Structures are given as C-alpha cells and as structure tokens.
Amino acid sequence: MITRSHVRVAVLSMVAALTVSTLSAAQGEVVSAAPCAPAATGEASAAQALNWGAPSWCAEFDDYLDESDWVFYDSAGHAGNGRRSPQQLYLGNGALYLYGREDGTTAGLAARHDQAYGRWETRIRLYPGAGSYHPVALLWPKDGGGNVRSSTGEEIDFLEVIDDPERQRPNFFLHTPQGQEQAHANIDMTTWHTYAVEVTPSSVVGYIDGQEWFRSGNATRSSMSVCLQLDWFPGQGSSGEAWMEVDWLRIYPSSTGTAG
C-alpha cells in the first residue's frame, strides 16, 4: 500500500515512465471511438442512482486523446498567472493526469462536445499538494474555460477545491447573471469519488457519489462544454506541486437538449 506521504513520488515516477503515452506524443492521432465502459461494481454514481441511461459521449482515458474531441489549453494561466501547457497532461493506467509544477506551469482541457441541457459526470481522485492549486471540473460556454469570466456571466463549477492542500473540502459554484450560489461538503478527495451536475431550463443540481449536494432554481442558458483544469493561484495557499487524476468523463443528454 502506498501511504499518503509517498503518493506524489509514486505518481511522479509512474508518469516519468510514460513518455510514449504523454499527450504531446498523442495529439492528432485519429482513433475509433471506444464504447463507454459500464460503471465498476460498487462505484457510486448519479447516472446509476438516477437511471440516466447510456451516455451520448464519454472519455475513458485508456488510449489517445483526439483533437477532434478536445481543446488543449496552451496559453497564460488563470488570470494570467503561470502557464497552461499540453505538456502537463499525461495518460497512463487508464487515467488522465493533470500536473501543476511549483512555478505555475499547469494544465487544462475542454471537451468539444457541448449541450445546453443535460448531465455531466466524472470520476476524480486528487492528491495532497499545493493549496495554491485549485483542481476544477466545470461547465463553461462552448469552447473551453480558459478565461476568468465568461462572456455570458455563466459558469458551473461542479467541483472546485480552494486553498485545501489535504483535499478534504469540495465546493460547488453556480454563476449566472442573477449572481453566485455555492455549496460545500467534507469528504476525503484523495480517494475516488464521482462528481456530477444536471442542468435543465429550470434548475441546476449537483451530486457527489450519486447523492445530491447542491440545488438551485436558477439555470444557465448557453450551450456548455465540460472542462478539466488545475488552476494556479499564487500567494493564495501553500506553494508547491499538485496532481489531479481523472478516471473517466461522461456526458448524458436530456429531453431538452442533445450533445454536440
């Protein structure tokens, strides 16, 4: 068993050995779409609990990432801090890793599959690391969440971790023109959990492991892309490195919208 104090070293060693499967080596490869894997036995998820049916699109992170499916961030970091680089994305052991270095060189990507209404779910494990790094899974108006504020004022962070080096307090943030709403929970995010959000014309609902933890009668209206980001906030929390591991990502349609 790998103890918490050894996790970062173990993951770094594993990723260093995966040079042939880094994202930089995989970009542009054209591969057939793999079928979405069924949920593992004992894996709690909103899709299972609420019978969402088959996903319209999924990423299992077993092989290459295709540019036709993803926007890879290659730009200044959040609020101009640090740098987002595709070189900080890794594939290995059936998972996607986002790695943030101490100097603020980090990663982010957005799925090109968008929809206004529907459901999104992802399975994520975090590692103890710098409090200045915010792991985020979010919905952003089509084409990615690279900026600080969207042009529509809409954003749904269905997982965001803020100044929490031990990764114990997930946050949910809903941004609409009507203002910001939020929720918090207390779980050990260094173990696997599923995080999901459902958007309808009249509500936004968030789930952890299939259990509701956020609900609002407000909703976004834009067609949204799902984004995975490891954002750097220098001076706001402890410095150092950070990791974010993503097992899978799935998009489900609703009766009021379909995935693009």
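Nothing in this text is a laboratory measurement; each read-out follows from the coordinates by a stated rule. All of these numbers come straight from a predicted model, not from anything done at the bench. Here the Cβ is made from the backbone with ideal geometry for all residues, glycine too, and neighbour counts use every protein chain on show.
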task: Report the residue count in segment 124-156 for those that are touching an Asp or Glu at 6+ places or on another chain (Cβ under 8 Å) and part of a strand (DSSP E or B).
output: 12
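Show me the strands (runs of 3 or more DSSP E) found entirely inside segment 159-260 where at least 3 residues are under 20 Å from Ser56 (Cβ atoms). Don't jump to the end; show me each part of the working.
Details: elements: 171-176, 179-184, 193-200, 203-208, 211-216, 224-232, 242-253.
Result: 193-200, 203-208, 224-232, 242-253.
Across segment 84-123, what is the total count of residues that are of a type outside the set (Ser, Thr, Tyr), outside any strand (DSSP E or B) and either within 12 Å of the chain's Cα centre (by Cα) or within 13 Å of Phe72 (Cα to Cα) (or both)? Working first, answer last.
If we filter segment 84-123 for residues that are of a type outside the set (Ser, Thr, Tyr), which is where we start, we get 84, 86-89, 91-96, 98, 100-104, 107-116, 118-121, 123.
After this cut, where a residue has to be outside any strand (DSSP E or B) as well, the list is 86-88, 93-94, 101-104, 107, 116.
Those left that are additionally either within 12 Å of the chain's Cα centre (by Cα) or within 13 Å of Phe72 (Cα to Cα) (or both): 86-88, 107.
Number of matching residues: 4.
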Pairs where the first residue, in segment 239-251, is over 21 Å from Tyr64 (Cβ atoms) and without any contact (Cβ under 8 Å) to a residue 24 or more places away in the chain and the second is among the small types (Gly, Ala, Ser) and in a strand (DSSP E or B), C-beta under 6 Å, 6+ apart: none
message: Take the conditions among the basic types (Lys, Arg) and within 25 Å of Leu109 (Cβ to Cβ) and apply them to Arg169. Does it pass?
response: yes
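Go over the candidates Glu155, Glu121, Glu60, Glu160 one by one and state the one that is of a type in the set (D, E, K, R), in contact with a strand residue (DSSP E or B) (Cβ under 7 Å, 6 or more places away or on another chain) and under 12 Å from Leu228 (Cβ atoms). Let's see the steps before the verdict.
On the way: Glu155 fails: under 12 Å from Leu228 (Cβ atoms); Glu121 fails: under 12 Å from Leu228 (Cβ atoms); Glu60 fails: under 12 Å from Leu228 (Cβ atoms).
Exactly one residue qualifies, and that residue is Glu160.
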- request: May I ask you to list the residues in segment 92-109 that are crowded, with 21+ Cβ neighbours inside 10 Å and not small (Gly, Ala, Ser)?
  value: Leu96, Tyr97, Leu98, Tyr99, Thr106, Leu109
message: Tell me yes or no: at least one residue of segment 170-187 is of a type outside the set (Ser, Thr, Tyr) and in contact with a helix residue (DSSP H, G or I) (Cβ under 8 Å, 6 or more places away or on another chain).
response: no
field: Set Ser216, Ser203, Ser238: member being in contact with a strand residue (DSSP E or B) (Cβ under 6 Å, 6 or more places away or on another chain) and among the small types (Gly, Ala, Ser)
entry: Ser216
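Please state which one of Ser254, Ser202, Ser223 is touching a residue at least 12 places away in the same chain (Cβ under 8 Å), touching a Gly at 6+ places or on another chain (Cβ under 8 Å), loosely packed, with under 15 Cβ neighbours inside 10 Å and small (Gly, Ala, Ser). Write out each step before concluding.
Values: Ser254 fails: loosely packed, with under 15 Cβ neighbours inside 10 Å; Ser223 fails: loosely packed, with under 15 Cβ neighbours inside 10 Å.
Just one listed residue meets the conditions, Ser202.
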